[in-house]
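Chemist: Structure in structure tokens, see below.
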Amino acid sequence: MKLVIVDDDIALLNALSRRFSLRGFSVVAISDAITPPQLVALQADVYLLDLRFASQSGLSFVTPLRQALPACRIVLLTGYASIANAVQAVKLGADDYLTKPVDLLQLEQALRGDNSALPATEHNSQPLLSPDQLEWEHINRVLSEQDGNISRTAELLGMHRRTLQRKLSKHRP
């Protein structure tokens with residue numbers, strides 16, 4: 001199964017690429033700006049799109065992909081979830097809309113279009129990243145985007161500034 005992952009978070013992109021490759025996916029990882037026709041040309045079975053990708057929106061890829069490849073699966077992954085974006089994604093034709101940090105079993109099920117539990121195999125017995133690791137990476141990415149501004153980062157993440165500082169003082173899980 002060919003999987004295209006579009007995300008500007010290099011650490012997450014590399015981790016997801018490595019782990020899904022181990023799970024039998026043929027992975028194409030994209031971290032730079034791309035056009036909808038370029039994505040369509042990749043002819044993937046599954047597209048995992050970051051909602052906020054550099055200066056682009058993952059939503060802008062959904063309609064062209066759905067029109068050109070009606071059988072492909074389209075999953076949006078975001079650290080900036082909102083009900084309005086989720087509704088818009090589904091209306092445009094996305095198959096799923098998940099928020100970071102994401103449960104990785106849930107992510108794999110969304111990519112495969114399978115709502116049943118995945119059997120444990122040597123390829124999927126270990127998690128891609130734990131929820132704590134994903135949360136830590138997401139917090140640090142948002143903090144970096146805010147040039148280290150704790151107050152603004154806490155506001156964007158919807159948590160109290162002290163809670164954010166406590167999470168940042170811990171070592172990476």
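Chemist: May I ask you to list the residues in segment 21-39 that are of a type in the set (D, E, K, R) and within 16 Å of the chain's Cα centre (by Cα)?
Modeler: Asp32
Chemist: Considering only residues of segment 150-162 that are of a type outside the set (Asp, Glu) and within 24 Å of the chain's Cα centre (by Cα), which is surrounded by the most Cβ atoms within 10 Å (Cβ to Cβ)?
Modeler: Residue satisfying both the conditions and the ranking: Thr153.
Chemist: Still on this structure, I have one more. Would you point out the residue of segment 40-93, among those that are crowded, with 22+ Cβ neighbours inside 10 Å and more than 16 Å from the chain's Cα centre (by Cα), that is nearest to Asp103 (Cα to Cα)?
Modeler: Restricting to residues being crowded, with 22+ Cβ neighbours inside 10 Å and more than 16 Å from the chain's Cα centre (by Cα), the top hit is Ala44.
Chemist: Follow-up question, since we're still on this one. Within segment 94-107, work out how many residues are surrounded by 18 or more Cβ atoms within 10 Å (Cβ to Cβ) and in contact (Cβ under 8 Å) with a residue 24 or more places away in the chain.
Modeler: Residues meeting the conditions: 6.
Chemist: A further question on this structure: Output the residue which, of all residues in segment 109-121 that are out of contact with any Lys or Arg (no Cβ under 7 Å at 6 or more places or on another chain) and modelled with pLDDT of 75 or more, is farthest from Ala71 (Cα to Cα).
Modeler: Gln109
Chemist: Report whether or not Val87 is at pLDDT below 85, more than 18 Å from Asn14 (Cα to Cα) and among the β-branched types (Val, Ile, Thr).
Modeler: Against the criterion (at pLDDT below 85, more than 18 Å from Asn14 (Cα to Cα) and among the β-branched types (Val, Ile, Thr)), Val87 qualifies.
Chemist: Here's something else I'd like to know. Run Ser82 past the list (1) at pLDDT 85 or above; (2) of a type in the set (Ser, Thr, Tyr); (3) out of contact with any strand residue (DSSP E or B) (no Cβ under 6 Å at 6 or more places or on another chain) and report the number of the one that doesn't hold.
Modeler: Status for Ser82: all satisfied but (1).
Chemist: Name the residues in segment 9-42 that are in contact (Cβ under 8 Å) with a residue 40 or more places away in the chain and touching a helix residue (DSSP H, G or I) at 6+ places or on another chain (Cβ under 9 Å), would you?
Modeler: Asp9, Ala11, Leu12, Ala15, Leu16, Arg19, Phe20, Arg23, Phe25
The values are calculated or read from the model by the stated rules, or taken from the named source; none is laboratory data. These figures come from a predicted structure and were not determined experimentally. Note that each Cβ is placed from the backbone with ideal geometry, even for glycine, and that neighbours are counted across all protein chains shown.
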